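A short worksheet on the structure shown next.
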Amino acid sequence: MTTRKILMCAVALTTMLGLQACNATTGGGNQINFGNDSSQWAFDGECDDPRFAGPGTAQTLLQEDAYRDATDCRNQFYAGSVWLASGSNNNTYGSSINFGDDQSQWAYDGVCDDPRFYGAGMTTTTLLDEDRYHDATDCRRQYEAGRIALR
């Protein structure tokens, strides 16, 4: 999304609250429909849309806020603090991820060691390129729990 388009979206959102928000593209090229800002929790700095996961989401997520906190969710998404949660009806992206195999020496340790991912479910030690595509079970579980996302 270009800077000009982002600015146009911001102006449109602030002047026409409640209209369809601009879309963004995931790293896989799919469009994310952020919705609008009609939630009572819009503009509070946290993403309140239950379709998202990550440290930038609110502690309590209600289904009624789906597609209704566009600005906060978009800002958190671009900051890398939220991502589309696995199983979201807006996320065909996750099903196309090639998690690879479990050939890493760190496979089955409960955290993702594949440097293609980021998030709270990642190892706290140094990521090694040799573990790329080789920690499938851990990474898939962390992804499905909404604790990591593909870069």
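We did not get these values from a lab; they are worked out from the coordinates using the rules stated. Nothing here was measured: the structure is a model prediction, and the numbers come from that model. Glycine also receives a Cβ, built like all others from the backbone with ideal geometry; neighbour counts cover every protein chain displayed.
What is the packing order of peptides 112-118, 69-75, taking the mean over residues of other C-beta atoms within 10 Å and listing the highest first? Don't skip to the answer; put the middle values down first.
Details: 112-118: 22.3, 69-75: 26.1.
Order by mean packing, descending: 69-75, 112-118.
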Checklist line | Residues W83, W106, sorted so that the one with the fewest Cβ neighbours within 10 Å comes first | finding: W106, W83
Next item on the list: Quick one: give the max-minus-min coordinate of the C-alpha atoms of segment 97-151 along each principal axis, largest first, in Å.
Entry: 23, 21, 20
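If we count every other residue with Cβ under 15 angstrom of G54's Cβ, Lys/Arg +1 and Asp/Glu -1, where does the sum land?
Details: positive: R51, R74, R147, R151; negative: E46, D48, D49, D69, D72, E144.
In short, -2.
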Check: So for S38, S81, S104, fewest C-beta neighbours within 10 Å to most, what's the order?
Finding: S38, S81, S104
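Return a whole-number percent for the relative contact order of segment 97-151, with Cα pairs under 8 Å and 6 or more residues apart as the contact set.
On the way: 100 pairs, mean separation 25.0, N = 55.
Rounded, it is 45 percent for segment 97-151.
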